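Only one structure is covered here, and it is reproduced in the block below.
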Amino acid sequence: MDPVDSLPRVPLAHLPTPLVHVPRLSARLGCELWIKRDDVTGGAESGNKLRKLELLMAEALAEGCDTVLTTGGVQSNHARATALVCARLGLSCVLFLRVDDPFAPLPFSGNVLLDALAGATIRPITREQYRSRDELMAAAARTMRAEGRRPYVIPEGGSNGLGALGYVRAMRELRAQLDGGLAGERRPFDVIVHACGSGGTAAGVALGAARYGVAHAVRPMAVCDDEAYFTRRIEAQMAEARARCPGLPTAPPFVVDAHGKGPAYGVTTAEQRAFLVDVARESGVVLDPVYTGKALYGLALAIRRGDVAVGARVLFLHTGGLPGLLAAADTFTEEAR
Ligand SMILES: *Cc1c(COP(=O)(O)O)cnc(C)c1O
């Protein structure tokens, strides 16, 4: 049996996600572009985090947890998915969300609105506190244990070795789709491109792409920080994943690309916003400004530079993020009207 099958899993995502060819976008970018629609793993809880949460929540339930603690930016897709999954499973959820001013009211839109609907407790934290988020959550968990509660802590993005294994499973799902002729031919993709924010998706995709032979290369597009930072983080998570699931490849190829990240996490240039608007109008593919918009923009730049060959067979993993787009409506006045 495949070792990833012996991992306990709570089925949360609608799988397999569709694999679709996008001819109009292919023509625009100058490659043979396919999209794996992990933006539709579910309803309001949708996105890449659901594949990680299937494994993380199984561990939480096995440990008898009653409260899940996690963290992210104020409009974190991961925090929102966790909050909704906790509501579904009857667990309490505490979200440590990074904000500029912890005393200002939270923006009641996008992911924050969904967090509130899910009944999650939101603890706003400063950028400074966010730097020691792991210690902060560990301390909160200690306090809860002393009160007789059973906390389970999930790191930023659901990114650790266990969460990453959700994307090893995704690559096996992709193998079956290639074998079934759903990508035109059985031939692997030249490269898989996706947004990278905490490294778990990249770690799982790189391990799984090599394990199942679905792509020759993996190009995580950093949306913050830099190449060296993510290379380290991804390698650490791959090591953790291998420890949990022996038999995974030891040095799967991947190249972090930070050319598309723009000014800062969650901040876009006018050119990035115009690109996102053009893509939606030309192809009906809706991207978000924080992750997927920057990742596909990064692919366009990589093709222009020649780092991805013109005509290459490319799989873009659409990781979701729609609530973040809706929460950023006011940044789009110029481009979208
Ligand atoms: C979290 C997220 C990512 C990044 O995935 P990581 O595993 O955290 O690197 C990409 N896209 C969207 C929409 C996300 O919410």
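Using only alpha-carbon positions in segment 188-337, the gyration tensor eigenvalues give semi-axes of 28, 17, 13 Å once each is multiplied by 5 and square-rooted (largest first). Amide H contacts under 5 Å for Ala215: Phe189, restricted to partners 5 or more places along the chain or on a different chain, H placed in the peptide plane at 1.01 Å from N. Here r is the Cβ-Cβ distance between Thr126 and Ala274 and R0 is 35 Å; the resulting FRET efficiency, rounded to 0.05, is 0.60.
At q = 0.07, 0.12 Å⁻¹ the log10 of I(q)/I(0) for the chain amounts to -0.26, -0.80, computed by Debye summation with a single uniform scatterer per C-alpha, solvent ignored. Hydrodynamic radius of segment 64-114 by the Kirkwood approach over all distinct alpha-carbon pairs: 11.4 Å. Here the Kirkwood formula puts the hydrodynamic radius of segment 128-229 at 15.7 Å, using every distinct Cα pair. Each residue, Glu334 and Leu301, gets one label point 7 Å from its Cα in the Cβ direction; the gap between the two is 1.8 nm.
Add +1 for every Lys or Arg and -1 for every Asp or Glu among the other residues with Cβ under 10 Å from the Cβ of Glu156, and state the total. Display every interim value, and only then the final one.
On the way: positive: Arg98, Arg133; negative: Asp134.
Cβ neighbours under 10 Å give a net charge of +1.
Taken over segment 100-140, the alpha-carbon convex hull comes to 88 cubic angstrom per residue.
The DSSP beta bridges internal to segment 190-280 are antiparallel in roughly 10% of cases.
Site-free segments of the chain were taken between GluC sites (Glu not before Pro) in DSSP loops having at most 11 other Cβ atoms within 10 Å, sites themselves excluded; the longest one is 186-337.
Since every read-out is calculated from the coordinates, none of them should be taken as a lab result. Predicted model, so just to flag it, every value in this text is computed and none were measured. Cβ coordinates were reconstructed from backbone atoms using ideal geometry, including for glycine residues, and neighbour counts include every protein chain displayed.
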